Amino acid sequence: MSVQGPVTGGQHGWAFNRPLIDLTRKGYVEEEFFLTGEATTYALAPGAASTRDGRWRVLPKDKAPFKTRFLVYRPADPARFNGTVVVCWNNVTAGYELFFGESPLVLEEGYAYVCASVQRVGVHGFAETPQGLAAWDAERYGDLSIPTDDASYDIFSKVARAVGPARGRTVDPLGGLVVKKVIGLGASQSAGRLGAYINAVHPLAPDQGGHAFDGYMLQIYFGSGAAIEASDRLHNPTTTNVRLPQGQNLIRDDLDVPVMIVNTELEAKACLSVRQPDTDRFRTWEAAALTHVSYQAQLTRNEKFKRDFGVKPAPPSEEMNRIYLQPLYDAALHHLNRWVNDGAAPPTQPLIDFAADGQVERDRHGIATGGIRLPQADAPVAMNSSTPVSDDFAGRLRGSNKPFDAIELDALYGDEAGYLARFAQAAAAAVHAGVMMSRDVEPAVAEAAREYRRARGIEAPEAAPAAERSGGKASCSY
């Protein structure tokens, strides 16, 4: 295995899907590297199966040559580094890579963040819509190659080792930083693959690809691990109305490192049949009123798409869910980092309420009951939920938003000042519960004022992309 870089040049002159903000102004170095080698593929052991309990047994099968890239964000000042590297499994559902590693928590608490291209579609794209790295910039990425997604599991291990404590130093992607812990992260489609990785690959010996990470976070996870063999992603959601996954398996309960699932009500419904209790190595968080893709995240995606592809996408629907997920992710990562460093485990949180028929229980406003209560759920000016407005693939991910009318707002809060006071109380409660960071309260209150005015039909500024929303201080998603 060899690392080459930092990589520069190309037709565009920048790394695909890089941040919208200038990381140097935040004291960070942004660099891209290539990784070349042979990846192990795996097969289920004789007599084994991908069982519901998650205790999957695999053995090395073959070797597959590969060349891929990973993008690194790291503190320029070693004194700012907190010792933890987060390795994100880049999401390829769209036929190109999606990831977001420039959040306020990452940049302010001194993480290194690595965005890893480990799947074939990310490099080569779908045949009918080639938007992968090689097609996007042949000059920069034209010789990258991932022959099969079956190699993705070991490529992920190899990226982790290329940035971990025992990495080689001939080319050091972390510029000499002293790494203590490595966390693996995957969201949505990538969470499904990471779930399979946890169940099958993590328990293996290090020389077989196992034990490369000190902890894991599965974000917006549908409760079903990907296949180990013949696992190439075949479905293009832009041409096929792909149905959402449903829970099939648990995360194995004999792990030696912490695992945390952070879900919205959409994935909580999918995972209902495979819910598992919190333990000293496992946590599940479920957030009421949130769904898979929020309006704010879509704005950021659209800005990146416009910059990278030169085409302005259609604006996001005003009817889609408008509760931003990133503050919840940041709070969860804060707790998980403490946990993997032998500190306190994340606080156990209430789960979303479900009726006997498997449907989410809702209050008179249509907002889910139970679960984590971000301030937008406990001091609402609108019904936000995972209930889709349309039954296409994108619609099922984006949920819905329906503002309250003036009569309802007056009955609940009196006026804008009354509403903002109630919202601030709800935000304080979320901080106390450990599901929101104090730094996120001020921008959330400012956004709440805009949402109140939107509900009342008073002209208000349009919501900003995520980077701007956090004052420029800043998912891996479906």
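The values are calculated or read from the model by the stated rules, or taken from the named source; none is laboratory data. Everything numeric here is computed off the predicted structure, so don't read it as measured data. As a convention, Cβ positions derive from the backbone with ideal geometry for all residues, glycine included, and neighbour counts pool all protein chains shown. SASA here: full protein model, heavy atoms, side chains in, ligands and nucleic acids out. Shrake-Rupley method; radii C 1.70, N 1.55, O 1.52, S 1.80 Å.
Here is how the numbers come out for the structure above:
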item: Gap separating the Cα centres of region 273-332 and region 213-229, nearest whole Å; result: 17 Å
item: Gained length - Ser317 relative to Val389, 0.36 nm times residue gap less alpha-carbon distance; result: 24.9 nm
item: Sulfur and carbon atoms: percent of accessible area, region 86-172 [1.4 Å]; result: 51 percent
item: With all protein chains modelled, accessible area of Arg453 [1.4 Å, Å²]; result: 90 Å²
item: Heavy-atom accessible area ranking, 1.4 Å probe, most first, across Asp308, Asp410; result: Asp410, Asp308
item: With every protein chain in place, region 378-461: carbon and sulfur % of accessible area (1.4 Å); result: 55 percent
item: Estimated translational D of region 337-451 in µm²/s (Stokes, Kirkwood radius over Cα pairs; 25 °C; 0.890 mPa s); result: 154 µm²/s
item: Distant alpha-carbon pairs in the chain (separation over 34 angstrom), percent; result: 30 percent
item: Over 31 Å (Cα to Cα) - which of Lys67/Lys180; Lys180/Lys269; Lys63/Lys304; Lys158/Lys304; Lys26/Lys312; Lys181/Lys402 fall in this group; result: Lys180/Lys269; Lys63/Lys304; Lys181/Lys402
item: Sites matching trypsin sites (Lys or Arg not before Pro) across region 245-343 that sit in DSSP coil, with at most 16 neighbouring C-beta atoms within 10 Å; result: Arg275
item: Accessible area per residue, Å², the chain with all protein chains present, probe 1.4 Å; result: 37 Å²
item: Cβ-Cβ FRET estimate between Asp357 and Lys63, R0 fixed at 60 Å, reported to 0.05; result: 0.80
item: Charge dipole magnitude, Cβ of K and R +1, D and E -1 - the chain, Cα centre, debye nearest 20; result: 660 debye
item: Potential lengthening between Val171 and Asp342 on full extension [0.36 nm per residue; Cα-Cα distance subtracted]; result: 58.5 nm
item: Paramagnetic label zone (point 7 Å from Cα along Cα-to-C-beta, Gln276; backbone N under 15 Å) in region 220-241; result: 221-226
item: Rounded accessible area of Thr8 (nearest 10 Å², 1.4 Å probe); result: 110 Å²
item: Heavy-atom accessible surface of region 201-293: percent carbon and sulfur, 1.4 Å; result: 50 percent
item: Among Leu351, Thr284, Ala382 - extreme Cα towards positive end, dipole of region 271-412, charges at beta-carbon; result: Thr284
